[in-house]
There are 2 protein chains.
Amino acid sequence: MKRRDLFRMIGAVAGSSAMYQAMTSLGLAADSQYAGPIKLQGAPKGTKVIVLGAGWAGLVSALELRDAGYTVELLEYNNRVGGRAWTIRGGDTITELGGETQKCGFDPGLYLNPGPWRIPYHHRGYLDYAKRFGVALEPFIMVNYNAYVHSDAYFGGKPQRFREVQADFHGHVAELLAKAARQDKLDQAVSKDDQETLLEALKEWGALDKNHAYVAGHDSAERRGYAVNKGGGLMPDPVGGPPIALADLLRSDVWRALTFGQTHQWQSTIFQPVGGMDSTPKAIGKSLADITTLNAKVTAIHQDDHGVTVSYVDARTGKDQRQAKADWCVCTLPLTVLSQLDVQVGAEMKAGMNALSYFTAVKTGLQFKRRFWEEDDHIYGGITFTDLPIRQIAYPNFGYNAPGKGVLLGTFAGAAPGFELAALSAADRVKLAVEQGARIHPQYTAEFETGVSVSWHRSPTTMGCAAAWTPELRAKHYRNLAELNGRVILAGDHLSNLVAWQEGAILSALDAITRLHHRIVAA
Amino acid sequence: MKRRDLFRMIGAVAGSSAMYQAMTSLGLAADSQYAGPIKLQGAPKGTKVIVLGAGWAGLVSALELRDAGYTVELLEYNNRVGGRAWTIRGGDTITELGGETQKCGFDPGLYLNPGPWRIPYHHRGYLDYAKRFGVALEPFIMVNYNAYVHSDAYFGGKPQRFREVQADFHGHVAELLAKAARQDKLDQAVSKDDQETLLEALKEWGALDKNHAYVAGHDSAERRGYAVNKGGGLMPDPVGGPPIALADLLRSDVWRALTFGQTHQWQSTIFQPVGGMDSTPKAIGKSLADITTLNAKVTAIHQDDHGVTVSYVDARTGKDQRQAKADWCVCTLPLTVLSQLDVQVGAEMKAGMNALSYFTAVKTGLQFKRRFWEEDDHIYGGITFTDLPIRQIAYPNFGYNAPGKGVLLGTFAGAAPGFELAALSAADRVKLAVEQGARIHPQYTAEFETGVSVSWHRSPTTMGCAAAWTPELRAKHYRNLAELNGRVILAGDHLSNLVAWQEGAILSALDAITRLHHRIVAA
């Protein structure tokens, strides 16, 4: 008996919680709750499931239920599958709520991922589907030491290099702690024996000099970079520049940029699919083409003891009302959309559907005549952080060091600036991204060609970026939303602890269809 | 007038030192002393330069002198160009000093870079040649948070994840410093106003809880990873594991692994050429094929007022003595080799040639039946660090998440373990790499197929890895080695501040041929 089968058995007998406790005690559950490819056995012949929404949760549900032997029908509002896992390329048109239509003018090979754009190494569900469908992955550069950290009001508005900010923050922290340790001010928190090693570690890690000071010179330059770098032959000797003062690091808030790449969900090695984020959903969608109806805007979900009836219209015209019937329904529509429909579910689930608001996000892609961030600024991939409303500039993580045009992400704003930007037209969001970005890269002005902007609150099929759970809302509504409600079960990243991640949608779908299948088989 | 031309003019008039001072004062010299493609104008017709060695320094010298109008002859000991910038693939044979010959048994597409294996973003000379010769680059993963840090004597020999070691070191440092700050023990080094921000920064950066303590829980798990990760639907709630105690981090030396990726030469974004490190030298070498003689082992370099005469034999037989004559000579042979030849240069240069010893390095490549480090251990690219003599295990930075075989770097040892390993036969070095690696990845035993090992001290053409400069040796010998000596000028990474880096060889060559050209034109 394979270990996986053992855990499945424990899960079947004692529930998934017991299964994961067993896995954890054996050190197997770390990193992911993805337990390998799902196997649903014994689907009753002729049982039909209707799946609503062909984003990740809907695609996974439809794929696995179909493969398990169910009759599946998949309805999708958009004229494409993938949901927020979407890639915009030249020729694509985008119509936002309010009616503004953009036509993307990017050159071939260039794109914007307006939704998710990276795959953590521990998102094993995603990685497994990418492997099954032969989608190639390439590294996403999360930490680029030569990218900028920009504070508009500090350093005369001049962007600082990430390597300088991190090295100087570490250096100052190490110097302060070393000083306290040498003056015996650590309050017995570190034993006398360990104190020597602590000082050695702080010296090496913080790039301190032999007096445990963080100063301009070779030690600090080996981390923050050189003012005059190392050369060959009789070129001048290398010179290290002066560190940024701790007070300036703290007051300017640039230290906030340091934690991103150290946070579990963004730690290296982190990936992007080669060619765009829609690669994997497209590949799965292709295998489901014969059971998929695109441009199907759901208007009502009714159920009774015998089955589920879903009403939908043609999303392009709002007309041509149709009905689809099934024994069961997996509904992956965002709660923003679902809560506005005529849905026959219990009061507690309804309350949950109505309780959640959604985070916002705005992304803007900008095409430039040349890759000046590489050619002039020596920034290859990665992210520049700024306190301007555009928040981030992210450089393409492919085609490095090659000539030609490039598209970078010129805005990635959530929260307050995200809502402010959402109030602008797409054209104005593009204009603003160019203006603000030019404060960091003056080349923007001369090199800009064309842009496209997506505000998720203005997307008719999503009306928001991701569910804004709080601990209180989660305690009150999560289980009511996740439990099977009559013949309807919900799934999606909103029903996971990985909100806004594709993996959340995948795990939610696998969990939902497993419970649904067990319910069906048990009946 | 372009800025570049202005600096060239300053350089021509006032010397390169003045040029770089001017560039630095304008903030332009940071990051590299590479000043863009070299342009040597006015080469006297019919002047011949012989270039010895077709590693990076020799290739760059031959290429640029040839393009400037010189008649160039290039002699190379090996049967290939590139020198230490070398890639070993299936079918290649390697014969070491002592006579042992290995035949590499790797599958197609798999390889070992036994010499340099990464290109920092600030090695602009390299990047420019890669661009000129159309060589594609891909990211080298320097920091992999899910790779291991292994101390054989601590944690029961169980490897720790890099993310746990770094998060816990940061957390303990932040907690200690926050405590000292809150108890007003920082000795006025931080103003009262800044102290509040310092505490906020330490809390966020160190993942401290609301009491500024670093403990098991959500905050620390968001950095070190979860014992039970986040799931979807009704999967169990995430659980954070307990941090490693500071005393264990310090005593086990695992903290030493934290600085690699933060050191300027290894900071992201850092690259490798697609397909192997020999790509760029091979491409340059192809353009020089008509002026290159391979298998030419230099035995003597003589010079007089009229020219230089280089004697060489067929490296395969040791016979067939020939002579090549030229007006000038650029000699890029390693000093280990050069110091053993009959070379007519001044006493001071001779003293320098004899004074330097070379660092050692051993690399061993291992092919496995499957990529278990990805499939089982979820390590995609990057490096595991251990205090075993193998020192590092580096995973391939391409073909992620794909099925099939893989070659990893099973040993990268310098210093003491490097010399110990160099004393073993290649077959024994492979055996030892498998045995020691199995303590970290038990799958080694069942999955190993074939290996190949290179000890640079046993390479007949190099007899060492790189020049072991000390500040004292540099003060005494560097300039004497770098100055034109009669009609002979030396170049190579050994004559740079970037020893063991391809960029050092490139910058050294550009500097040497510029000075040589100016001397020739001035005559």
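Data table
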item: Shielding by other protein chains, B:155-163, mean Cβ within 10 Å; result: 1
item: Chain B: relative contact order in percent, alpha carbon pairs under 8 Å with at least 6 residues between; result: 19
item: Shape of the stretch B:106-253, Cα gyration tensor, a/c cut at 1.5; result: prolate
item: Expected 222 nm ellipticity per residue - DSSP helices of 4 or more, -39500 (n - 2.57), all of the protein assembly as shown, to 500; result: -10000 deg cm²/dmol
item: Point-charge dipole on Cβ atoms (K/R +1, D/E -1) for chain A, about Cα centre, debye to 20; result: 1240
item: Options B:Ala468, B:Pro403, B:Ile513, ranked by Cα towards positive dipole end of the stretch B:402-523, top entry (Cβ charges); result: B:Ile513
item: Pairwise centroid distance, computed over Cα atoms, of the stretch B:231-306 with the stretch A:476-508, Å; result: 43
item: Which of B:Asp342, A:Asp168, B:Asp511 has the fewest Cβ neighbours within 10 Å, and the rest in rising order; result: B:Asp342, B:Asp511, A:Asp168
item: Computed FRET value (nearest 0.05) for B:Asp376 with B:Asp152, which takes r as the C-beta separation and R₀ as 25 Å; result: 0.75
item: Sequence-distant aspartates and glutamates (8 or more away, or on other chains) whose Cα lies within less than 19 Å of B:Lys286; result: B:Glu64, B:Asp67, B:Glu73, B:Glu76, B:Asp128, B:Asp278
item: DSSP bridge pairs, the protein assembly as shown: antiparallel proportion in percent, nearest 5; result: 75
item: Residue order, fewest to most beta carbons within 10 Å, for A:Phe162, A:Phe260; result: A:Phe260, A:Phe162
item: For A:137-143, mean number of other protein chain Cβ atoms within 10 Å; result: 5
item: Net charge, B:Trp456 excluded, C-beta distance under 9 Å - Lys, Arg +1, Asp, Glu -1; result: +3
item: Whole-Å distance, taken between Cα centres, linking the stretch B:371-404 and the stretch A:413-431; result: 42
item: 19 Å Cα-Cα reach of A:Lys103 towards lysines, excluding residues that sit fewer than 8 places from it in its own chain; result: A:Lys363, A:Lys369, A:Lys405, A:Lys431
item: Descending principal axes extents, chain A, alpha-carbon based, whole Å; result: 82, 59, 42
item: Theoretical gain in end-to-end length, B:His302 to B:Lys476 [0.36 nm per residue, Cα-Cα removed]; result: 60.2 nm
item: A:Glu204 versus B:Gln195: modelled label distance in nm, points set 7 Å from Cα along the beta carbon direction; result: 3.3
item: Alpha-carbon centroid distance for the pair the stretch B:178-224 / the stretch A:152-223, whole angstrom; result: 15
item: Exposure rule at most 11 other beta-carbon atoms within 10 Å, DSSP loop trypsin sites (Lys or Arg not before Pro): chain B longest free segment; result: B:320-523
item: Sequence-distant lysines (8 or more away, or on other chains) whose Cα lies within less than 22 Å of A:Lys325; result: A:Lys45, A:Lys48, A:Lys297, A:Lys350
item: Equivalent-ellipsoid semi-axes of the protein assembly as shown, from the Cα gyration tensor, Å, largest first; result: 54, 31, 31
item: Average beta-carbon neighbours from other chains, 10 Å sphere, peptide B:221-229; result: 6
item: Fraction of beta bridges assigned by DSSP in chain B that are antiparallel (%, nearest 5); result: 75
item: Residues with amide H under 5 Å from that of A:Ser357, placed H, sequence gap 5 or more; result: A:Ala468
item: 5 angstrom amide H check on B:Gly382, placed H, neighbours 5+ away; result: B:Ile141, B:Tyr395
item: Cα→Cβ-extended label distance, 7 Å offset, between A:Ala523 and B:Asn211, nm; result: 5.1
item: Cβ-based net charge around A:Gly404, under 10 Å, with every Lys or Arg adding one and every Asp or Glu removing one; result: +3
item: Within-9-Å neighbourhood charge of B:Gly486 [Cβ basis; K, R +1; D, E -1]; result: -1
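Rule-based calculations on the coordinates, nothing more; no lab input. Not measured: the values here are computed from a predicted model. Neighbour counts are summed over all protein chains in view; Cβ atoms, including those assigned to glycine, are modelled from backbone coordinates with ideal geometry.
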